[in-house]
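Read the figures in this text as sums done on the coordinates, not as results from a lab. Please read these numbers as outputs of a predicted model, since none were measured by experiment. Please note: Cβ atoms are built from the backbone with ideal geometry, for glycine as well, and neighbour counts cover all protein chains shown.
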Amino acid sequence: MDNNVNMDREKAIELLEGYVSTPHIKIHSLATEAVMRALASRLSPGDEQMWAMAGLLHDLDEDHCDWKNDMSTHGPKSIEILKDHNFGNEEMYNAILAHNPKNGKKPETKFEIAMYAGDPITGFINAIALVYPDKKVGSVKLKSIIKRMKETRFAAGANREAMKAIVKTGISFDEFADISLKAMQDISDDLGL
């Protein structure tokens, strides 16, 4: 399947607005879109739109999952919604599944690993920003991300294993963090981060 079939961003924004009610999940989704687009530029040039749409729509099922009791439905329900709207393709669906290992899909391809790692780093960078006086992503420095990754108690909710998996794509964690940070800084003012 052509990687760019049914990957219209305007339609994706409509889906996000129609299915996600929590403002911080919408902001997280937009941040993940930027991170995934930047990672695709480095790891899979030509696939930027598909990677970005996976980042934007990976939490589309936010209002439809039992977050406390059964995380295995997170991902598959997003894919059901996307298929109902004839949006995306199998490669994108696999990446969305891979971002949540509790549904049984282990990340294998560069795209899947990037999605698995690209999702939590947005939250991790935001958590680091909260440490700084102005509480903005623009204040975060790469060395701070590297330092905080070594602190086991900082941002306990961040999936460090996912972020560390990025080396399987052929880039270092430092480069992954740098790409992600720059992508988020580029859009941080627009999102109020």
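With respect to the chain, whose longest principal axis is taken over its alpha-carbon atoms, helix 9-19 is tilted by about 90°.
For the range 91-193, the set of trypsin sites (Lys or Arg not before Pro) satisfying both a DSSP loop assignment and a count of at most 13 other C-beta atoms within 10 Å is given as Lys135, Lys141, Arg153. Normalised by residue number, the volume inside the convex hull of the Cα atoms of the range 124-174 is 75 Å³ per residue. In terms of overall dimensions, the C-alpha atoms belonging to the range 107-193 reach 38, 29, 19 Å along their principal axes, ordered largest to smallest.
Applying D = kT/(6 pi eta Rh) to the range 43-150, where Rh is the Kirkwood radius over alpha-carbon pairs, T corresponds to 10 °C and eta to 1.306 mPa s, the Stokes-Einstein value obtained is 105 µm²/s. Between 0 and 90 degrees, the angle of helix 110-129 with respect to the longest Cα principal axis of the chain falls at about 50 degrees. Compactness of the range 3-67, taken as the C-alpha radius of gyration over 2.2 N^0.38 Å, stands at 1.11. Among the chymotrypsin sites (Phe, Trp or Tyr not before Pro) in the range 82-131, none sits in a DSSP loop with a Cβ that has at most 15 other Cβ atoms within 10 Å.
By the Stokes-Einstein formula, at 1.002 mPa s and 20 °C, the range 9-191 with its Kirkwood radius over alpha-carbon pairs has D equal to 132 µm²/s.
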